[in-house]
Amino acid sequence: VLIAKTASESSRVKLAIAPDGTYFIAWRAKLNPYKGSYDSVRDVMISASSDRGVTWSTPVKVHDDRFKASRCPEITHGIGVDSKGRLHVAWYTGTSARPGIYYAVSADRGNTFSAPFPLLTDGWVPYADVKLAVDGSDHVWVTYEDRRDDRADQMVLAEIDPQGNPARLGQWPGRAPDIAAKAGAVMLVWTGAKGEIQTLQAALK
């Protein structure tokens, strides 16, 4: 089944399934709507299916970042669905106006999204992998790389509670993090500077 023809060259594709059976797919697109622009726009798109993947909605941008790059960044973004069917997305953008890591949520099956909330911004934010998981209590967990320090990459853990309040919980030396969550617990895993695989587990009160 063809969903879209806009995928960027090195785009990662993410899949999430809502409690009602709705499928969501996210990818980084290659778009160039601006005449005279050499670099393509590399924004994150969402499409949904309510019939088990037979048909898919018209792709929608999570946000109109207008992130332009001559080559597609080889980085991941994160999506997840909570018990109410809300779609949560976290991603990196290298737009010159506001580079960083952002989070947004959709309450209407990916048709529209909230204004992006910045989890990390600076005048310069290098490309970064981003992962997201939703636990059984509708807490959203986001982990991402912070490569601004040339001495050592850091990976960061943040939480967004069911009311939408974000909190940065900590950071550790490492790269390529991933995360999994369920009711009452979350596990973070990453690669250390010397190739060691490390994990962090948290029990929620």
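The values are calculated or read from the model by the stated rules, or taken from the named source; none is laboratory data. This is a predicted model, so every value here is computed, not measured. Here the Cβ is made from the backbone with ideal geometry for all residues, glycine too, and neighbour counts use every protein chain on show. Each accessible area value is taken on the protein alone, full model and side chains, heavy atoms only, with ligands, DNA and RNA left out. Shrake-Rupley method; radii C 1.70, N 1.55, O 1.52, S 1.80 Å.
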Working only within segment 108-128, note down all residues that are part of a loop (DSSP other than H, G, I, E, B) and over 30 Å from W56 (Cβ atoms). D122, G123, W124, V125, P126
When segment 145-177 is examined, which residues are found to be of a type in the set (G, A, S) and assigned to a loop (DSSP other than H, G, I, E, B)? A152, G164, G174
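Across segment 19-33, what is the total count of residues that are small (G, A, S) and open to solvent by 10 Å² or more (accessible area, probe 1.4 Å)?
1
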Inside segment 168-182, the number of residues satisfying the requirement of being open to solvent by less than 40 Å² (accessible area, probe 1.4 Å) and under 17 Å from the mean Cα position of the chain (by Cα) is 3
When the residues of segment 58-90 are filtered to those that are within 15 Å of A107 (Cβ to Cβ) and either among the small types (G, A, S) or within 12 Å of the chain's Cα centre (by Cα) (or both), which remaining residue is surrounded by the most Cβ atoms within 10 Å (Cβ to Cβ)? V89
Out of everything in segment 183-194 that is assigned to a loop (DSSP other than H, G, I, E, B) and open to solvent by 60 Å² or more (accessible area, probe 1.4 Å), what residue ends up being nearest to I160 (Cα to Cα)? A183
Give the residue, chosen from I160, I197, that is open to solvent by 10 Å² or more (accessible area, probe 1.4 Å) and of a type in the set (A, V, I, L, M). I197
Restricting attention to segment 34-57, and to residues there that are of a type in the set (V, I, T) and surrounded by 18 or more Cβ atoms within 10 Å (Cβ to Cβ), which single residue is nearest to the chain's Cα centre (by Cα)? V44
Scanning for something more than 16 Å from the chain's Cα centre (by Cα), more than 25 Å from A158 (Cβ to Cβ) and part of a loop (DSSP other than H, G, I, E, B), does segment 100-107 turn up at least one residue? no
